[in-house]
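Asker: This is the structure I have questions about; it appears just below.
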Amino acid sequence: MTGRSASPKDIPYPKPQENYEVATERAFERLSRQSAEQLQWLGAIPCDGGWQLPVFNELFTVRLSSKEVVVSSGKKVGPAWRIVALHYLCVILRPGKD
């Protein structure tokens, strides 16, 4: 040990994580196999080119062709909320059903 502490420039930056992109891709794949009946049971509303999902005081629009999730203003939803919304819409079970 040299007694010298590492400076920030000596510590390599981690590579960018791709987990949000992978989770988004997988969710859209699963979502493409989801029935309209199940999506509506989950509270989604069919719209031109996708589905709308009420989230708190906002309406998320899930655009299937462009594989994006936007709010009513057209701004893209952040990655964490995008993943939560998409994976919620991929739920296949219903309480009380086998």
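No lab work stands behind these numbers, since they all come straight from the coordinates. Everything numeric here is computed off the predicted structure, so don't read it as measured data.
Asker: Would you calculate, for the chain, the mean residue ellipticity at 222 nm contributed by helices, counting each DSSP H stretch of 4 or more residues as -39,500 (n - 2.57) and dividing by all residues, to the nearest 500?
Answerer: -9500 deg cm²/dmol
Asker: Roughly speaking, what is the stretch gain from GLU21 to VAL71, that is 0.36 nm per residue apart minus the C-alpha to C-alpha distance, in nm to one decimal?
Answerer: Value of the extension gain: 16.1 nm.
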